[in-house]
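Each remark here refers to the structure printed beneath this line.
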Amino acid sequence: MKLFFNALTKYIMGFLLVGALLFLPAWTLRYPGAWLFVALLFLPMLLLGIVLFAKAPSLLEKRLNHKERERTQRGVIALSGLMFPIGFILSALDFRFAWSAVPPWLVVLASLLFLVGYGAYAEVMRENAYLSRTVEVQQGQKVISTGLYGVVRHPMYLATLLMFLPIPLILGSFWGLIPFALYPVAIVVRIVNEEKVLTDGLEGYAEYKTKVKYRLIPFVW
């Protein structure tokens, strides 16, 4: 029950926070892009949370953990903690004052890309029971090299790129892309540090790196 109420509380708080960051700067509830994004984000999140609570409560508990030990990772989280609110507020202001206009076909494409990323994110969680939100080597952890982990070494971060970068377009803003452009930089820093931790502390990870060449994007990096 403690896990249930912890997950439910964070879900509700996240919903209220995102709503405040979007609808208050827009100064209206008649913001179609915001409602679309809220639906795309929180409906699958609710379904995924229910599945994890029923089938993998230990994984759900790990996903709720925010306490990073690595200094570099704390810096990445702090950067993300600024990027998302600024991006949301800027996108909402863009809608309010009509600074830019995203064509409907691009909104649809961004929404589909977001859902593809969400699907990949769910698949990664299905494949990897050690998927904590913090960078650490867990007791009994093993290297996962099947499925998406056989394509790139960090498929979860690739999934988040597919999810997060289209968000301003879903919200109907080109200006919102500016702060969100920092996200790939934060991910690269996180991966470099995470790989050092895993190489030093996880048996078999150095060998895994020789088999799966690409960290994030196939044939690129």
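The values are calculated or read from the model by the stated rules, or taken from the named source; none is laboratory data. Not measured: the values here are computed from a predicted model. For neighbour counting, all protein chains shown are included, and Cβ atoms are generated from backbone atoms with ideal geometry for every residue, glycine included.
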- Which residues, taken from the stretch 156-172, are farther than 22 Å from I89 by Cβ and among the hydrophobic types (A, V, I, L, M, F, W, C)? M156, L158, A159, L162
- Query: Looking at the stretch 65-76, is at least one residue of a type in the set (S, T, N, Q), at pLDDT below 95, part of a helix (DSSP H, G or I) and within 19 Å of M163 (Cβ to Cβ)?
  - Reply: no
- Just to be sure, is F174 under 19 Å from the mean Cα position of the chain (by Cα) and closer than 20 Å to G33 by Cα? no
- Within the stretch 151-202, the residues that are among the small types (G, A, S) and part of a helix (DSSP H, G or I) are A159, A186, G201
- Considering (1) of a type outside the set (G, A, S); (2) at pLDDT 95 or above; (3) assigned to a helix (DSSP H, G or I), say which one L148 fails and leave the rest. (2)
- Task: Would you mind stating whether R30 is out of contact with any strand residue (DSSP E or B) (no Cβ under 6 Å at 6 or more places or on another chain) and either at pLDDT below 95 or aliphatic (A, V, I, L, M) (or both)?
- Result: no
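Matching residues to (1) closer than 30 Å to K209 by Cβ; (2) buried (at least 16 other Cβ atoms within 10 Å of the Cβ); (3) in contact with a Ser or Thr (Cβ under 6 Å, 6 or more places away or on another chain); (4) at pLDDT 95 or above:
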position	(1), (2), (3), (4)
S80	yes, yes, no, no
A101	no, no, no, no
V108	no, no, no, yes
L112	no, no, no, yes
Y121	yes, yes, no, no
Q139	yes, no, no, no
I167	no, yes, no, yes
S173	no, yes, yes, yes
L177	no, yes, no, yes
- In this structure, does R133 turn out to be at pLDDT below 90, out of contact with any helix residue (DSSP H, G or I) (no Cβ under 7 Å at 6 or more places or on another chain), closer than 21 Å to L41 by Cα and surrounded by fewer than 18 Cβ atoms within 10 Å (Cβ to Cβ)? no
